[in-house]
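So the structure is just underneath, and the comments pick up after that.
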Amino acid sequence: MPVSDRTRVAILHPSPIEREGLAALISTLDTVQLVGAVGMTEGAVSSVIASQPAVVIVDLPPSTDGAFALVREIVGTPGGPRVVGLRRQYARELVAGAFDAGVSACVSTEAAVSDLLDAIEAARVGRTYLCPFVARVLIEGPSASQTAAPVGRQLTQREQEVLALIASGNTDRQISGMLGLAVGTVHTHRKHMMAKLGVRNVTSLLRRAREAGLLPAP
């Protein structure tokens with residue numbers, strides 16, 4: 001692919017070893033062009049913006065306040081790039097906080113390179129994306145425990161993923177982008193869940209799911 005057609009990507013990561021490893025990986029990909037890799041130091045955002053990336057991959061450390069502030073600064077810049085959040089493990093609160101800060105996609109370092117590419121492309125065109133590892137986080141906890149009501153065991157793994165994303169306020173189109181499904185497939189999953197739980201609308205679906213222990217209380 002001509003360089004002019006590649007997605008310009010920069011990396012913002014505090015660890016030199018991990019930053020350089022990610023940079024080396026990005027440099028081997030045909031559809032992206034690495035334009036910068038900097039640590040989370042003073043002036044880091046200015047340095048990233050100066051390289052004019054379309055997408056910035058940002059490390060999301062356990063202590064997230066500083067990282068979220070950097071995300072807000074990046075996406076708040078006039079004509080600013082999109083942000084892909086990256087870390088090994090996620091919690092529900094981290095995913096929610098990342099998207100609130102302006103992240104377009106969340107990817108685990110345990111994911112495949114293809115997932116990272118999907119996240120970069122989704123961010124570039126203004127869509128949201130969760131790799132399968134992160135999507136799974138949204139259905140963990142009490143909703144996925146063996147103490148769930150029997151009705152919960154009727155739902156497939158994919159249906160539970162879709163359910164959690166519906167509960168987070170996402171539309172069918174947004175969910176399709178996050179999970180890499182066709183919009184019609186998401187709609188079908190929603191219809192199947194409503195049939196299994198004996199409800200006729202999304203409001204009742206979410207209420208019944210919470211009663212069954214499939215979702216945390218609001």
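The values are calculated or read from the model by the stated rules, or taken from the named source; none is laboratory data. Owing to the predicted nature of the structure, the values given are computational and were not obtained by experimental measurement. Glycine gets a Cβ as well: all are built from the backbone with ideal geometry, and neighbour counts include every protein chain shown. For the accessible areas, the whole protein counts, side chains as well, though only heavy atoms, and no ligand, DNA or RNA atoms are used. Shrake-Rupley method; radii C 1.70, N 1.55, O 1.52, S 1.80 Å.
Can you say whether Ser114 is open to solvent by less than 10 Å² (accessible area, probe 1.4 Å) and of a type in the set (Ser, Thr, Tyr), as far as the supplied structure shows? It is false that Ser114 is open to solvent by less than 10 Å² (accessible area, probe 1.4 Å) and of a type in the set (Ser, Thr, Tyr). With respect to Ser114, determine if the residue is under 30 Å from Asp30 (Cβ atoms), at pLDDT 80 or above and among the polar types (S, T, N, Q). It is true that Ser114 is under 30 Å from Asp30 (Cβ atoms), at pLDDT 80 or above and among the polar types (S, T, N, Q). Just to verify a result, which residue in the range 175-195, among those that are part of a helix (DSSP H, G or I) and touching a residue at least 24 places away in the same chain (Cβ under 8 Å), is nearest to Leu155 (Cα to Cα)? Ranking the candidates gives Met193 first. Return the residue satisfying two criteria in turn: it lies in the range 47-63 and is touching a residue at least 40 places away in the same chain (Cβ under 8 Å) and surrounded by fewer than 19 Cβ atoms within 10 Å (Cβ to Cβ), and of such residues it is farthest from Thr77 (Cα to Cα). Per the criteria, the residue is Pro61.
Is it true that Val75 is outside any loop (DSSP other than H, G, I, E, B) and within 11 Å of the chain's Cα centre (by Cα)? It is false that Val75 is outside any loop (DSSP other than H, G, I, E, B) and within 11 Å of the chain's Cα centre (by Cα).
In the range 1-46, of all residues being open to solvent by 60 Å² or more (accessible area, probe 1.4 Å) and closer than 16 Å to Arg82 by Cα, the one that is nearest to the chain's Cα centre (by Cα) corresponds to Arg8. Cβ-Cβ distances below 8 Å connect the following pairs, each with a first residue in the range 9-20 that is more than 24 Å from Val125 (Cβ to Cβ) and outside any helix (DSSP H, G or I), a second residue that is open to solvent by 40 Å² or more (accessible area, probe 1.4 Å) and among the aliphatic types (A, V, I, L, M), and a separation of six or more residues or different chains: Pro14/Met40. Within the range 128-150, does at least one residue satisfy the condition of being modelled with pLDDT of 85 or more, open to solvent by 60 Å² or more (accessible area, probe 1.4 Å) and closer than 24 Å to Arg8 by Cα? No, the range 128-150 has no match at all.
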